[in-house]
1. Given bins 5 angstrom wide, list per bin the percent of all Cα-Cα distances in the protein assembly as shown, short to long.
2. Using modelled amide H (1.01 Å from N, peptide plane; none on Pro or chain starts), what sits under 5 Å from the amide H of A:Ala35, excluding residues fewer than 5 places away?
3. Quick one: the Cα spread of segment A:1-102 along its three principal axes, in angstroms, biggest first?
4. Sticking with the crude label model, points 7 Å out along Cα→Cβ, report the distance from B:Ser34 to B:Glu106 in nm, one decimal please.
5. With the other protein chains left in place, how much accessible area per residue, in square angstrom, belongs to segment A:3-80 at a 1.4 angstrom probe?
6. Could you give the C-alpha radius of gyration of segment B:83-124 expressed as a fraction of 2.2 N^0.38 Å, taking N as the number of residues it contains?
7. For chain B, find the longest principal axis of its Cα atoms and tell me its angle to the long axis of helix B:82-106, 0 to 90°, nearest 10.
8. Counting only protein heavy atoms and rolling a 1.4 Å probe, how much accessible area do A and B lose on contact, total for both sides, in Å² to 100?
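The values are calculated or read from the model by the stated rules, or taken from the named source; none is laboratory data. Just so we're clear, the structure is a prediction, and the values are computed from it rather than from any experiment. All Cβ positions, even for glycine, are placed from backbone atoms using ideal geometry, and neighbour counts span all protein chains on display. Accessible surface areas use protein heavy atoms only, side chains included; no ligands, DNA or RNA. Shrake-Rupley method; radii C 1.70, N 1.55, O 1.52, S 1.80 Å.
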Protein chains: 2
Amino acid sequence: MLLAEINIEFASPIPVYEQIKKKIKHAIARESLSANEPLPSIRELASFLKVNPNTVARAYRDLFQENIIDGRAGKGYWLKETGHLEHEKESMLKEDFLRFLERAIELGFSRERLKAMVIDFFKEEI
Amino acid sequence: MLLAEINIEFASPIPVYEQIKKKIKHAIARESLSANEPLPSIRELASFLKVNPNTVARAYRDLFQENIIDGRAGKGYWLKETGHLEHEKESMLKEDFLRFLERAIELGFSRERLKAMVIDFFKEEI
DNA sequence: ATTACTGTATTAATATATTGATACAGTGAA
DNA sequence: TTCACTGTATCAATATATTAATACAGTAAT
């Protein structure tokens, strides 16, 4: 994975470690980082981005807990098996969708109306 | 609208003003608060909940900016026309859905696969 | 064991978000 | 005008989140 793929907007209100997480997820999505491939070491990425190593460590720790990467002290971090990842990704997405449904219910939309709206969204967007 | 419909969990990590907003949206969704009906005054709700008036004011200000309620100094706040609300609710929901789509794209899902998954969700859930 | 890398843990500094105290200003009725 | 109620604005106190400084511990090669 190329260091250059990760750039940070320091003026943004979004925390640096969140930006790092998002960039890495993007890299995975485009397959510019593949299964078992090592990530840059915490200190390497930190010095490249000119941020504190703890900030990168926080991003990596989160991704570890999200079951996206694996790692050990002395060895570094690497991307997990993509097969496993597919399953994780699908369940992450399912959770997101359920949260969306909850908000819709809060707003008073019926199941049927919601379904119709979502189908419309698909016709219009992307 | 009944004051008793709004209860706060002070132990929760969710800010009090966010909890107030959510309860009011719920009340609107169940139509326990109807068009043009006045909300409890800031001080009345604050003393009932035993929170600072500014906390309630923050919730009301947010709902005002979300175009859900209207109000003026000296007169209080009241629910807006529901016709207008329907439109607002729909666009709020659309925004939520677009955020969901963005996350899905980040995770590398194609538009078609996403559509299939969403249809499956509707078959299984709620 | 030494060296040169890895990640981890602890604590402090800083920034941001949330809540609170208080004074101010608008509205309408007596 | 006066009164009793509305919401608003400003600033301080507090809590939480984020980043940083530093010391510690694991791994592997020499």
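1. 1, 5, 11, 13, 12, 12, 12, 11, 10, 7, 4, 2, 0, 0
2. HN-HN under 5 Å from A:Ala35: A:Thr82.
3. 40, 32, 23
4. Rounded to a tenth, the inter-label distance reads 4.3 nm.
5. Details: 4500 Å² over 78 residues.
Accessible area per residue: 58 Å².
6. Working: Rg = 12.8 Å, N = 42, 2.2 N^0.38 = 9.1 Å.
Against the empirical 2.2 N^0.38 Å value, I get 1.40 for segment B:83-124.
7. It is inclined by approximately 40 degrees.
8. Numbers: alone 9100 and 9080 Å², together 14470 Å².
The A and B chains share an interface burying roughly 3700 Å².
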